[in-house]
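Have a look at the structure below before the remarks.
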Amino acid sequence: MKLALIHPQIIRGSGVENFLIEFARRLASAGHELTYITSLTTPEIGAALPGRWELLPRLRGSATLRMWHFNRLAPRAAQAAGVDLSIGFGRTCVQDVHRNGTGCHRIYGNLLPFWQRYSVKHLYELHLERRLYAGKGTSMFVSSSARVAAQLQGVYGTDGELFRMLTPPVETQLFQLAENRANTREIYCRKLQTDATKPVLLFVSLSHRRRGLEPLLEAMTQIDATLWIVGKSLSPVMDDRIKRLGIASRIRVVPVTSHLVELYQSADWFVHPTQYDAFSNTVLQSMACGLPGIISVMDGAVDHVRNGENGLMLYHPQQPRELAARIKEALAFDATSWQALSTAARETVLPLTWERHMLEWAELFGK
């Protein structure tokens, strides 16, 4: 089958882009003929992915102008390529299939600071999202989450029959149980100067504000545990906040380049109080490592959490009091109950392989 994959940049970066690269590699291995329609890639990726590259001009300056320009040129390039099916991954309004990797921008936008909410870029992104879901330029929408699909239908009145749910795959051979969890935990507690006799909570984020770090820090004033924050470094304002809250001795900031698998294997609970996420890979990755989570219902990945069976749901992630209560509830689990959640979390994601995911796409192509 001749397929066009459309995205403004095909580079290693966000979850959407990393997914696209592996997806393309597997499509090519299955015998599909690929055309990549983009404005930016790297020589390494260009050499690694078989197929034809259609590099569109990339305008300098305004990101808004670049979105407008790419959205204007990409559909024409896909039509000229003579493909059987075009698949868009970004803010394009015309393609056969659009895979949503970012959720509902209108809902997410309500969480932005005032000055960002009314920026030209944000308003134009809302315009493109409205054209995509309320227009007629796309025949099918692929969503990772039923929750996100319902949000988009509710906001834009899109026909629900146009949506297909395809859960992202998990590299369960990489994200797996520790051979000796006690030993791994001891090593990382020592490395991060953490009291191994106390519970360890793990928070992973490259966007601390959206992922709910502020209410989590407030909740930590009531919790006798250590919090590992994995991701970007903290701002001076956040550092000052931690000091004012009196919890600095129980906070450890870990660079994102650290061994994430071992951190999942060493912590006692994954805490994910995100204010909004389409589908966080970290939720399924932590589950694959047998790490039970306290997961915000504002993340599409919560579709795979069964409250009290393979993790806990957090219903109001912005409220420190509820977050603290849920963490206390989690820490009250005895070893046997925790192990049952750990086992169930791992078993939940084991079926979510790349092989299964590609079969689901193959069925979609056949429709």
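Scan Ala325, Ala330 and give me the residue that is part of a helix (DSSP H, G or I), hydrophobic (A, V, I, L, M, F, W, C) and surrounded by fewer than 17 Cβ atoms within 10 Å (Cβ to Cβ). Show your work before the answer.
On the way: Ala330 fails: surrounded by fewer than 17 Cβ atoms within 10 Å (Cβ to Cβ).
Just a single option satisfies the conditions, and that option is Ala325.
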Boolean, Glu309 is among the acidic types (Asp, Glu), without any contact (Cβ under 8 Å) to a residue 40 or more places away in the chain, out of contact with any Ser or Thr (no Cβ under 6 Å at 6 or more places or on another chain) and assigned to a loop (DSSP other than H, G, I, E, B): yes
Unique residue being under 23 Å from the mean Cα position of the chain (by Cα), under 20 Å from Phe141 (Cα atoms) and modelled with pLDDT of 95 or more when the list is Arg99, Arg106, Arg91: Arg99
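What are the residues in region 7-39 that are of a type in the set (Ser, Thr, Tyr) and surrounded by fewer than 18 Cβ atoms within 10 Å (Cβ to Cβ), if any?
Selection gives Ser14, Ser29.
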Qualifying residue in region 303-321 (condition: more than 24 Å from the chain's Cα centre (by Cα) and closer than 22 Å to Lys198 by Cα): yes
Condition met for Thr42 (touching a residue at least 60 places away in the same chain (Cβ under 8 Å), farther than 21 Å from Ser143 by Cβ, out of contact with any strand residue (DSSP E or B) (no Cβ under 8 Å at 6 or more places or on another chain) and not hydrophobic (A, V, I, L, M, F, W, C)): no
Of all residues in region 155-190 being of a type in the set (D, E, K, R), out of contact with any Leu (no Cβ under 9 Å at 6 or more places or on another chain) and not in a helix (DSSP H, G or I), the one that is farthest from Ala335 (Cα to Cα): Asp159
Extreme residue, farthest from the chain's Cα centre (by Cα), among residues of region 281-302 that are surrounded by fewer than 24 Cβ atoms within 10 Å (Cβ to Cβ) and more than 15 Å from Ala344 (Cα to Cα): Val297
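Condition test on Lys198, is it surrounded by fewer than 14 Cβ atoms within 10 Å (Cβ to Cβ) and not aliphatic (A, V, I, L, M)? Let's see the steps before the verdict.
Numbers: surrounded by fewer than 14 Cβ atoms within 10 Å (Cβ to Cβ): no; not aliphatic (A, V, I, L, M): yes.
No, not satisfied.
Pick out the one residue from Leu206, Leu128, Leu192, Leu166 that is open to solvent by less than 80 Å² (accessible area, probe 1.4 Å), within 16 Å of the chain's Cα centre (by Cα) and of a type in the set (A, V, I, L, M).
Leu166
The values are calculated or read from the model by the stated rules, or taken from the named source; none is laboratory data. Fair warning: this is a prediction, and the values are worked out from it, not measured in the lab. Positions of Cβ are generated from backbone atoms using ideal geometry, with glycine treated the same way; all protein chains shown enter the neighbour counts. Surface accessibility is based on the protein's heavy atoms, side chains included, excluding ligands, DNA and RNA. Shrake-Rupley method; radii C 1.70, N 1.55, O 1.52, S 1.80 Å.
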